[in-house]
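Asks: Handing you this structure, nothing more for now.
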């Protein structure tokens, strides 16, 4: 369980020296893209499982219920709200922040038709659990490129720096806050939502730990 003590994104041989680097080394770009592709595949597995949306989508649903705006616009508002928290946390966006939305969306679009959508509820829950693990692994890979994080990952790393707590604890706290706020305001929670809320923090921490171990042996 040593991976649960990870407190920062490790700096490895392919890490960029600064997020605002729009001419990164090829190896840095490769790890960024591979990580985001794996991340997107994990998200697609969660969608295919159909046992509950992510905590932040629950929050967007709750916002939509309270304001009457569409889920798409509510998701956009939540993302902007999260990015505003980057300012006091002194988080810096970069190429990874831009590619995060593009690559993950593209992978979901291309992979979803090919993923199994089982009828048995237990199998769907297992597929959702696998999706959480895959998202964590993808996060661990793309974050070590240090070319800028996605909105929620950036909030996670920023709060970790401020609090000094393990990444697993910080991310779990964020997810539970989001799902609680969304549920209170009318969002829909499923077992997949609970799996994600409780599992994504340890999964991201495991991903970072495994990538750091790989980098030491490479």
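The values are calculated or read from the model by the stated rules, or taken from the named source; none is laboratory data. All values derive from a computational prediction rather than experimental measurement. Here Cβ is always computed from backbone atoms with ideal geometry, including for glycine, and neighbour counts include all displayed protein chains.
Asks: Mind telling me which of the residues 27, 102 ends up being at pLDDT 95 or above and either farther than 21 Å from residue 145 by Cβ or in a helix (DSSP H, G or I) (or both)?
Replies: Among 27, 102, only 27 is at pLDDT 95 or above and either farther than 21 Å from residue 145 by Cβ or in a helix (DSSP H, G or I) (or both).
Asks: If I filter the stretch 39-60 for residues that are in a helix (DSSP H, G or I), closer than 19 Å to residue 204 by Cα and more than 18 Å from the chain's Cα centre (by Cα), do I get at least one hit?
Replies: Within the stretch 39-60 (the criterion being in a helix (DSSP H, G or I), closer than 19 Å to residue 204 by Cα and more than 18 Å from the chain's Cα centre (by Cα)), the answer is no, since none of the residues qualifies.
Asks: If you check every pair at least six apart or on different chains, which have Cβ atoms under 8 Å apart with a residue in the stretch 68-81 that is in contact (Cβ under 8 Å) with a residue 40 or more places away in the chain and at negative phi first and a residue that is surrounded by 11 or more Cβ atoms within 10 Å (Cβ to Cβ) and in a helix (DSSP H, G or I) second?
Replies: 79/151
Asks: Among the candidates 138, 154, which residue alone is under 24 Å from residue 74 (Cα atoms) and modelled with pLDDT of 95 or more?
Replies: Exactly one of 138, 154 is under 24 Å from residue 74 (Cα atoms) and modelled with pLDDT of 95 or more, namely 154.
Asks: Among the residues of the stretch 109-122, which ones are part of a helix (DSSP H, G or I) and in contact with a helix residue (DSSP H, G or I) (Cβ under 8 Å, 6 or more places away or on another chain)?
Replies: Within the stretch 109-122, 111, 112 meet the criteria.
Asks: Out of everything in the stretch 82-117 that is in contact (Cβ under 8 Å) with a residue 60 or more places away in the chain and over 21 Å from residue 56 (Cα atoms), what residue ends up being surrounded by the most Cβ atoms within 10 Å (Cβ to Cβ)?
Replies: Looking at the filtered set, the residue picked out is 94.
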